[in-house]
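The values are calculated or read from the model by the stated rules, or taken from the named source; none is laboratory data. None of these values were measured; they are calculated from a predicted model. Please note: Cβ atoms are built from the backbone with ideal geometry, for glycine as well, and neighbour counts cover all protein chains shown.
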Amino acid sequence: MASANGNSDVELIARVASKDRVAIEVLYGRYQVRLYRFLVRLVRNEAIAEELTNETFLEVWRSAGRFESRSSPSTWMFAIARNKAVSLLRKRSEVELDDDAAMSIEDEADTPEVAAQKGDKAALIRACLARLSAEHREVVDLVYYHDKSIKEVSEIVGIPENTVKTRMFHARKKLSELMAEAGIDRGWP
């Protein structure tokens, strides 16, 4: 059997459609962390994000035969994850924020003083991001944290590309204002 790691995502989805367990394991390995981080920012709860991540892969397993390649497999999986999160959030409005774990990555080259300054600044930036509307937070997260294009965000969120651009414009403007209010300049630390 050839190594599954060399397969494209489209090939893996086709293999998942024929119930190939190795293919779903490879997709899980490639996308689990990215989907989890996306979901934790949406639902603001690590345990729920983990559950939704697993549900997303279960849906990929069940629905792979219906994948039509109109978008990339990653865009399709992010859309599934987002739809599951939105559905859950409609049912539960009391979800709490805990994205410290998702955002706290330490640079080993920093001195303890610089690391503390960065940590303080990162906390302020997270607080500013949390003050954005849900629609603005979502597009910022997909573009900046998941490297999705405007077209991919449009497909994931289900809105026109121009709406994504407008939301990004307003999100950046509002974030800039919030960061200025918090006394944050644009450099590190």
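Of the residues 137, 131, only one is outside the structural domain of residue 31 (by TED's automatic domain parsing), buried (at least 17 other Cβ atoms within 10 Å of the Cβ) and closer than 22 Å to residue 40 by Cβ; which? Show your work before the answer.
Values: 131 fails: buried (at least 17 other Cβ atoms within 10 Å of the Cβ).
Every option except 137 fails the conditions.
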Problem - Restricting the range 33-60 to residues that are closer than 12 Å to residue 77 by Cβ and of a type in the set (S, T, N, Q), the residue that is surrounded by the fewest Cβ atoms within 10 Å (Cβ to Cβ) - result: 53
Exercise for the section: Check the range 88-111 and report whether any residue there is modelled with pLDDT of 85 or more and within 19 Å of the chain's Cα centre (by Cα). Expected result: yes
Exercise for the section: Identify all residues within the range 41-76 that are without any contact (Cβ under 8 Å) to a residue 60 or more places away in the chain, polar (S, T, N, Q) and assigned to a helix (DSSP H, G or I); write none if there are none. Expected result: 53, 54, 56, 63
Exercise for the section: Report, by residue number, each residue of the range 119-142 that is over 19 Å from residue 83 (Cα atoms) and part of a helix (DSSP H, G or I). Expected result: 119, 120, 121, 122, 123, 124, 125, 126, 127, 128, 129, 130
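Within the range 13-25, which residues are crowded, with 21+ Cβ neighbours inside 10 Å and under 21 Å from residue 82 (Cα atoms)?
Residues satisfying the conditions are 13, 16.
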Problem - Close pairs from the range 143-154: first outside any helix (DSSP H, G or I), partner small (Gly, Ala, Ser) and surrounded by fewer than 21 Cβ atoms within 10 Å (Cβ to Cβ), Cβ under 9 Å, at least 6 apart - result: 146/74; 148/74
